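S.K.: One structure, pasted below without further comment.
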Amino acid sequence: MPHLLYVEASPRKERSASIEVARAFLDAWGETHPEGTVDVLDVWNTPLPDFDGEALAGKYAALAGDVLSPAQEEAWVAIRALAARFQAADLILFAVPMWNYTIPYKLKHLFDLVSQKDLLFTFDERGQNGMLEAKAVVVNARGVAIGEDFPAEIYDHQSTYMATWLRMVGITDVHQIAVEKGLMGADLDRQSREQARAEAGALARTL
């Protein structure tokens, strides 16, 4: 039974282009995989603990090969539970709005929690090795068009960050969809959303 993890990173549910396109993907994927399951991880409504204090101490205790204290173990319960949702997925779908040419801080917070040795990656004499085997789809929403006034090879810290993080945790089968020009007038916004929804639906039927 295929299992999809949907990570929603936009707080603007009713107007979000990334969510609109991601939901088009989910609808098409559900039609293709009626037996599939979907786990929704909304970073704005999921408790994300601070990574400090006992959690941070537990990280370095584990790296040193020491036994975690009861307080450190307790601090890591939520971190391991969040990482387990990534570990369980066959496919991970992200709805990611661009904030200041990169990803929202809540999504970065999630990544900083779950990106831990022996949870999503490990390392040995070969270097760092990702542990996930899922595929990934990233819907990147942008109010402007990267590559016009701001060349993508210099200023795109959204899709490139997502690709880098996914590679770090072992995911190399990555598909990225851009929905742009959301702040450049109603007509361009509508056209971009329609094109991205069609792209997302077609892609979902192949995964």
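S.K.: Determine whether Ala81 is among the aliphatic types (A, V, I, L, M), over 17 Å from Ala9 (Cβ atoms) and open to solvent by 40 Å² or more (accessible area, probe 1.4 Å).
M.R.: yes
S.K.: Kindly indicate whether His157 is within 29 Å of Ala78 (Cα to Cα), open to solvent by 80 Å² or more (accessible area, probe 1.4 Å), out of contact with any helix residue (DSSP H, G or I) (no Cβ under 8 Å at 6 or more places or on another chain) and not aromatic (Phe, Trp, Tyr).
M.R.: Values: within 29 Å of Ala78 (Cα to Cα): yes; open to solvent by 80 Å² or more (accessible area, probe 1.4 Å): yes; out of contact with any helix residue (DSSP H, G or I) (no Cβ under 8 Å at 6 or more places or on another chain): yes; not aromatic (Phe, Trp, Tyr): yes.
Judged against the criteria, His157 is a match.
S.K.: Which of the numbered conditions does Gly65 fail, given that it passes all the others? Conditions: (1) touching a residue at least 12 places away in the same chain (Cβ under 8 Å); (2) surrounded by fewer than 19 Cβ atoms within 10 Å (Cβ to Cβ); (3) not in a helix (DSSP H, G or I).
M.R.: Of (1) touching a residue at least 12 places away in the same chain (Cβ under 8 Å); (2) surrounded by fewer than 19 Cβ atoms within 10 Å (Cβ to Cβ); (3) not in a helix (DSSP H, G or I), only one is false for Gly65: (1).
S.K.: Same structure again: Tell me whether segment 131-154 contains one or more residues that are in contact with a Lys or Arg (Cβ under 9 Å, 6 or more places away or on another chain) and among the aromatic types (Phe, Trp, Tyr).
M.R.: The answer is no, given that none of the residues of segment 131-154 is in contact with a Lys or Arg (Cβ under 9 Å, 6 or more places away or on another chain) and among the aromatic types (Phe, Trp, Tyr).
S.K.: Go through (1) open to solvent by 50 Å² or more (accessible area, probe 1.4 Å); (2) of a type in the set (Lys, Arg); (3) at pLDDT below 95 and name the single condition Arg142 misses.
M.R.: The single condition Arg142 does not satisfy is (1).
S.K.: Here is a further query. Cβ-Cβ below 9 Å, separation at least six or inter-chain, first residue in segment 179-193 and on the phi > 0 side of the Ramachandran plot and modelled with pLDDT under 90, second aliphatic (A, V, I, L, M) and open to solvent by less than 40 Å² (accessible area, probe 1.4 Å): which pairs?
M.R.: Lys181/Ala145
S.K.: Could you tell me whether Ala89 is open to solvent by less than 60 Å² (accessible area, probe 1.4 Å), in a helix (DSSP H, G or I) and at pLDDT 95 or above?
M.R.: no
S.K.: Still on this model: Ala22 versus (1) touching a residue at least 60 places away in the same chain (Cβ under 8 Å); (2) on the phi > 0 side of the Ramachandran plot; (3) of a type in the set (Gly, Ala, Ser): which is the lone unmet condition?
M.R.: (2)
S.K.: Can I ask one more? Report every pair of residues separated by at least 6 positions or lying on different chains whose Cβ atoms are under 7 Å apart, first residue within segment 1-16 and within 14 Å of Ala136 (Cβ to Cβ) and at pLDDT 90 or above, second open to solvent by less than 30 Å² (accessible area, probe 1.4 Å) and among the aromatic types (Phe, Trp, Tyr).
M.R.: Short answer, once both residue conditions are applied: Leu4/Trp29; Leu5/Phe86; Val7/Phe94; Ala9/Phe94.
S.K.: Identify, please: which residue in segment 109-138 is polar (S, T, N, Q) and not in a strand (DSSP E or B) and is, among those, farthest from Leu41 (Cα to Cα)?
M.R.: Gln116
S.K.: Further, regarding this structure: What is the residue count in segment 5-60 for residues that are among the hydroxyl-bearing types (Ser, Thr, Tyr) and open to solvent by 80 Å² or more (accessible area, probe 1.4 Å)?
M.R.: 1
The values are calculated or read from the model by the stated rules, or taken from the named source; none is laboratory data. In this text the structure is predicted, and so the values were computed from the model without any measurement. In this analysis, Cβ positions are derived from the backbone assuming ideal geometry, glycine residues included, and neighbour counts consider all displayed protein chains. These accessible areas exclude ligands, DNA and RNA; they are computed on the full protein's heavy atoms, side chains included. Shrake-Rupley method; radii C 1.70, N 1.55, O 1.52, S 1.80 Å.
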